[in-house]
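Colleague: Let me begin by handing over the structure; questions about it come next.
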Amino acid sequence: MLKRYKGFLQSDGYSGYGKAAQSENIIQVGCWAHARRKFFDAEKASDPEARPFVLLINLLYRIEHRIRDSLNTGKRSIDELSEIRARRAIRVMNRFFKKAKSVLVLPKSLLGKAIKYALNHEQELRNYILDIRIAPDNNFAENQLRPAVLGRKNFLFFGSENGGRNAAVLMSLAASCRNLGINFFRYLQKILPQLATSKSIGQLKLLLPHNYQSFGASDKLPLSI
C-alpha cells in the first residue's frame, strides 16, 4: 500500500516502520513522546542526569504550543511560523543531541537506553520540523488506533483480506470525520452517490472528510474541481 505513497510516515521506533519507509518517496518522522517517556522513566528512577533531557523535550513542546496558538489566530503566515518553529526547535534539538552524545552513562541503565533510543532515531526525531502539519509526536494517530486495538478479536472475521482492507478504509474515514466534527452516517449518505460519477482523482479528493462542507445550512459537498 505504501509503494505508491509519497510524503511523511510518522511512527515510533518499531523496526517494521523503518522497512516501510525505505522508499525514496517517504520521509520517516520520529515520535518525541516515545523518546520523552524513556527519559521520564529514568528521571522517576532518581537519575539526576535525566532531568535536563526531559526539560529540553518539554521546551520543544512549549515552542510547538506557541506556534499552534499563533496558527489559530491567523496573524502570521504559515511560512513565517514554519521558519520560526524550525529555527527555535533546531536550537533546542542541537543542545539535546550534543548532550546525549557527551554524557557518560551505563548502557544498560534506564538513561542509557533512553539515550540510545534517541541517538538511533536522531534524524527521524528532527524531521518533524520539515512540515508544519506534522506534530512532534504521533499521539493523535495512536489515539485513533485504540478502538481497533481494543476490538481486534472481533475484527478477525472479515471473510477475506480485501474485507480487512475495506474495513481499514472505513475506520480511517470514520476517525477523520469524528475529529472534524462530521456526522459519519450523513457523510456516507452524501458521498456514496457521488463516487459512481466521480471521473478523476481530483474529484475523489474533494469527497475526503476534510473537504466536506458540514458547516452552515447547506451542508453540501463540493461537486466540481
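Colleague: Can you confirm whether the range 2-22 contains a residue that is farther than 20 Å from Asp137 by Cα, free of Cβ contacts under 8 Å to residues at least 40 places away in the same chain and of a type in the set (A, V, I, L, M, F, W, C)?
Modeller: yes
Colleague: Considering only residues that are modelled with pLDDT of 85 or more and surrounded by 13 or more Cβ atoms within 10 Å (Cβ to Cβ), look in the range 176-185 and name the one that is nearest to the chain's Cα centre (by Cα).
Modeller: Ser176
Colleague: Now for a separate question. Restricting the range 192-225 to residues that are exposed (fewer than 11 other Cβ atoms within 10 Å of the Cβ), modelled with pLDDT under 80 and of a type in the set (S, T, N, Q), which is nearest to the chain's Cα centre (by Cα)?
Modeller: Ser224
Colleague: Got at least one residue in the range 1-12 being within 21 Å of the chain's Cα centre (by Cα), exposed (fewer than 15 other Cβ atoms within 10 Å of the Cβ) and among the small types (Gly, Ala, Ser)?
Modeller: Yes - at least one qualifying residue is present in the range 1-12.
Colleague: Inside the range 58-149, counting only helices (runs of 4 or more DSSP H) that do not spill past its ends, which hold 3 or more residues that are surrounded by fewer than 18 Cβ atoms within 10 Å (Cβ to Cβ) and either over 18 Å from the mean Cα position of the chain (by Cα) or of a type in the set (Asp, Glu) (or both)?
Modeller: By residue number, 78-102, 110-120.
The values are calculated or read from the model by the stated rules, or taken from the named source; none is laboratory data. Model, not experiment: these values are computed from the prediction. Counting neighbours? That spans all protein chains shown, and the Cβs are built from the backbone with ideal geometry, glycine included.
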